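Okay, so here's the structure we're looking at.
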Amino acid sequence: MSKNRKAGNKTTGVLRLAAAVIALVLLTYVAVLGIGFEQSGSASDIKLGLDLAGGVSITYQTKDSNPSATDMSDTIYKLQMRAQSYSSEAEVYQEGTNRINVDIPDVTDANEILEDLGQPGSLVFQDAEGNEVLSGTDVKTAEAGIVSQDNGSTKEYVVNLTLTDEGTKKFAEVTQANVGKTISIIYDGETVSAPTVKEAITGGKCSIDGLGSFEEAETLASTIRIGSLKLELEEIRSNVVGAKLGSDAISTSLKAGAIGLALVMLFMIVFYLIPGVAAALALAIYVAMIVCLLSAFQITLTLPGIAGIVLTIGMAVDANVIIFSRIREELAEGKSVRMARRDGFSKALSAILDGNITTLIAALVLYLMGSGTVKGFATTLAIGTLLSMFTALFVTRFILTGLYEIGFRDPKFYGKRKNAKPMPALGIIQKKKVFFSIAAVIILCGVGAMIYNGPVKGGNVLNYSLEFQGGTSTSVTFNEDYTIEDLNEKVVPLFSEVTGDNDIQIQKVTGSNQVIFKTKTLDTQQRQALEDSLIDSFKIDQEQIQEESISPTVSREMKQDAIVAVLMAAVMMLLYIWFRFKDIRIAASTVLALMHDILVVLAFYAVLRWSVGNTFIACMLTVVGYSINDTIVVFDRIRENSKSMKRGEQLEDMINKSVSQTLSRSINTSVTTGIMVLVLLIFGVSSIREFAMPLMVGICCGCFSSVCLAGSLWHTMKSLKKKED
């Protein structure tokens, strides 16, 4: 190569690295300081959940003093759906027999929330003669909209209504008989709109037009939405509540993230040398981009969300590990560094795309069909997955090329070792009965623990937290203002001693000394003991202590939504893998390995009685995303090796070789992710540790299922097929 060409390449390499550093500096600047006076794109502009920033708590009471359980459940679910349009982390739960609490994070204006949800009351539709033709419960959704007229030169503001099946039938008959006449929408005895029927409406959807502004359309839509509840509600109080966790929770989580990031970068550099340097710089860019996008999309971030983001730092290097392992293999075959880099990226592409597309399919299904925490998790998962693909396939490659061009061209910088022998093929298939037995024993232990905890002892099969089974809300007005840290130190131990439980949630009412403690359900004796302890310890008047039973914040419908969403995600992933690998047995083996991981983590929850709450949902979904990626990589190598099988080569030998070739990738990905989780375990607050422990189990069993079970399951299915033939 001529001196001029070398100098030109070196200049290009310097420019590449300078561009990467400038991008990192600019992204970090935006992530820390933001853009403009509102600091858009910065970490400070990210919406925080109730546990981190507090919010508004509104209490509604039904006008019916003794509503049925069915009507209460239906009303809570509908309110939940509306509140989650404001924030995916909003919580709605029953208090006592006829009250409903709505907690919405990261806001301080109760009136703003009330205007958004609508003022509660009764809603009816009447024809021109005053006959009631529809009730509020016949309306499924009501949304404000804008319709362009005259080729976009003018706009018309409308409210789009979607009716229930029963409402559709009623409305078809009513509009058929009232063409040219008005149908009045009456809310709490007052006519809020009287649109004219232009034609018979039979499809269950219609629009109310003639509104003067989008704000007017929004107001009417919110009025119709709240009026479609089964029960009439009245607001009895609204409070601004502080964060459930103290400021230490955020600082310790950020500290864990910084330490974990540094350790992962160090591991990548030590293990992969120059490619590791490229991955470390790309990883820093990834983290800055994650922060900017969370802010830009206004995703509500909770403490489990922070843990999830910290976890994605470990998972983000997964694609890099696949690529770098491939580069080493190419170098071991005698290729030059330039060719090894090119072929390494090329051969790793299918595994990276298949694994990430499968995860994105799961995220899309979870977002469309899930609610609450599931929807929030799906959004974060999708963003993290897309960014990790981008940084691995483009940013890392861009930086690695720059490092090569400035002079790092010796194969030893890329991990090539002299006289290195290829790793011998592991006898995975020969030991498959052992692996199947281990998996079965662990799962059966979980089933046994559930039977013992449930039918035998008469309790719950799992240790359900407040979010899943409800409990008791105790409102205490102290004689002085305590911080969250003071309450955790002085008051929470008292609650734990009386209740025998450490799952105590705290909410401070801003501007007062009132604190709300949520615990497991307390019987009369426990409530009295708690009151006596509070009075003795803090000299509180008995009138300043109020207790109410509260329902789960995760309703039955939300649980059903989550289960259906996960099942549909599994089906869609199975179909995609079947399409890509052209083998239903590979798809079935992948999903079975995934189900194994879920069942093993569930077994640990049952045996060790870990608390099952919102973090449980996030943990299980994280295991799903993590496990599917790991297994896809193994099958991608099996697919590649099956095309080049030599005559006489046995199927089990090819599978053993494929698993052995991907083993270092499986281990290294587990190590990088495990580093992040270990840091969370060491530095995290108690709720973070509740999230980290099951994840550590999920990482270990995900590695086990990918290495020991996935290929073995496929081999078993192939063998059965041969016997049938």
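Return yes or no: is ALA593 of a type outside the set (Asp, Glu), at pLDDT 90 or above and either open to solvent by 10 Å² or more (accessible area, probe 1.4 Å) or farther than 20 Å from ALA351 by Cβ (or both)?
Working: of a type outside the set (Asp, Glu): yes; at pLDDT 90 or above: yes; either open to solvent by 10 Å² or more (accessible area, probe 1.4 Å) or farther than 20 Å from ALA351 by Cβ (or both): no.
For ALA593, the condition - of a type outside the set (Asp, Glu), at pLDDT 90 or above and either open to solvent by 10 Å² or more (accessible area, probe 1.4 Å) or farther than 20 Å from ALA351 by Cβ (or both) - is not met.
When only residues in segment 622-648 that are hydroxyl-bearing (Ser, Thr, Tyr) and buried (at least 18 other Cβ atoms within 10 Å of the Cβ) count, which is farthest from GLU329 (Cα to Cα)?
Per the criteria, the residue is THR622.
Of the residues that sit in segment 143-181 and are over 35 Å from the mean Cα position of the chain (by Cα) and of a type in the set (Gly, Ala, Ser), which one is least open to solvent (accessible area, probe 1.4 Å)?
It comes out as ALA172.
Please report, ordered by residue number, the helices (runs of 4 or more DSSP H) entirely within segment 215-326 with at least 1 residues that are at pLDDT below 75 and open to solvent by 40 Å² or more (accessible area, probe 1.4 Å). So that I can check it myself, show each step before the final result.
Numbers: elements: 247-272, 274-296, 303-316.
Helices (runs of 4 or more DSSP H) meeting the threshold: 247-272, 303-316.
Starting from residues that are in contact (Cβ under 8 Å) with a residue 40 or more places away in the chain and more than 16 Å from LYS169 (Cβ to Cβ), keep the ones in segment 192-208 and report whichever is surrounded by the fewest Cβ atoms within 10 Å (Cβ to Cβ). Break it down into steps so the answer makes sense when it comes.
Taking segment 192-208 as the starting set, the residues that turn out to be in contact (Cβ under 8 Å) with a residue 40 or more places away in the chain are 204-208.
This time we only want the ones that are more than 16 Å from LYS169 (Cβ to Cβ), so: 207-208.
Values: SER207: 13, ILE208: 21.
Restricting to residues being in contact (Cβ under 8 Å) with a residue 40 or more places away in the chain and more than 16 Å from LYS169 (Cβ to Cβ), the top hit is SER207.
Against the definition (more than 23 Å from LYS432 (Cα to Cα) and touching a Phe, Trp or Tyr at 6+ places or on another chain (Cβ under 8 Å)), how does VAL677 come out, yes or no? So that I can check it myself, show each step before the final result.
On the way: more than 23 Å from LYS432 (Cα to Cα): yes; touching a Phe, Trp or Tyr at 6+ places or on another chain (Cβ under 8 Å): no.
No: the conditions fail for VAL677.
Considering only segment 387-396, I want to know if a residue exists there that is in contact with a Leu (Cβ under 6 Å, 6 or more places away or on another chain), touching a residue at least 24 places away in the same chain (Cβ under 8 Å) and open to solvent by less than 10 Å² (accessible area, probe 1.4 Å).
Taking segment 387-396 first, the residues in contact with a Leu (Cβ under 6 Å, 6 or more places away or on another chain) are none.
Scanning segment 387-396 turns up no residue that is in contact with a Leu (Cβ under 6 Å, 6 or more places away or on another chain), touching a residue at least 24 places away in the same chain (Cβ under 8 Å) and open to solvent by less than 10 Å² (accessible area, probe 1.4 Å).
Of all residues in segment 535-555, how many are exposed (fewer than 14 other Cβ atoms within 10 Å of the Cβ), closer than 21 Å to PRO493 by Cα and of a type in the set (D, E, K, R)?
The qualifying residues number 3.
If I filter segment 49-76 down to residues being modelled with pLDDT of 75 or more and under 24 Å from the mean Cα position of the chain (by Cα), which single residue comes out as surrounded by the most Cβ atoms within 10 Å (Cβ to Cβ)?
For segment 49-76, the residue satisfying everything is GLY55.
Select, from VAL659, VAL679, VAL671, the only residue that is of a type in the set (Val, Ile, Thr), over 25 Å from the mean Cα position of the chain (by Cα), at pLDDT 85 or above and not in a loop (DSSP other than H, G, I, E, B).
Numbers: VAL679 fails: over 25 Å from the mean Cα position of the chain (by Cα); VAL671 fails: over 25 Å from the mean Cα position of the chain (by Cα).
Exactly one residue qualifies, and that residue is VAL659.
Would you point out the residue of segment 94-142, among those that are assigned to a loop (DSSP other than H, G, I, E, B) and open to solvent by less than 10 Å² (accessible area, probe 1.4 Å), that is modelled with the highest pLDDT? Outline the logic, then answer.
First, pick out the residues of segment 94-142 that are assigned to a loop (DSSP other than H, G, I, E, B): 96-98, 106-109, 118-122, 127-131.
Imposing the further condition that a residue be open to solvent by less than 10 Å² (accessible area, probe 1.4 Å) reduces the set to 118, 121.
On the way: GLY118: 54, GLY121: 61.
Per the stated criteria, the residue is GLY121.
Among the listed residues ALA562, ALA570, identify the single one that is under 19 Å from the mean Cα position of the chain (by Cα) and surrounded by fewer than 21 Cβ atoms within 10 Å (Cβ to Cβ).
On the way: ALA562 fails: surrounded by fewer than 21 Cβ atoms within 10 Å (Cβ to Cβ).
Result of the check over ALA562, ALA570: ALA570.
Cβ contacts < 6 Å: first residue without any contact (Cβ under 8 Å) to a residue 12 or more places away in the chain, restricted to segment 320-343; second residue assigned to a helix (DSSP H, G or I) and among the hydrophobic types (A, V, I, L, M, F, W, C), any location; separation 6+ or different chain. Result?
Short answer, once both residue conditions are applied: none.
Taking only pairs six or more apart or across chains, which ones have beta-carbon atoms under 6 Å, a first residue in segment 509-534 that is in contact (Cβ under 8 Å) with a residue 40 or more places away in the chain and closer than 13 Å to GLU547 by Cα, and a second residue that is assigned to a strand (DSSP E or B) and acidic (Asp, Glu)?
As it stands, the answer is ARG527/GLU547, since those pairs meet every condition given.
The values are calculated or read from the model by the stated rules, or taken from the named source; none is laboratory data. Being a predicted model, the structure only gives us computed values, none of them experimental. Positions of Cβ are backbone-derived with ideal geometry, glycine not excepted, and every protein chain shown enters the neighbour counts. Please note that ligands, DNA and RNA were not included when accessible areas were found on the heavy atoms of the full protein model with its side chains. Shrake-Rupley method; radii C 1.70, N 1.55, O 1.52, S 1.80 Å.
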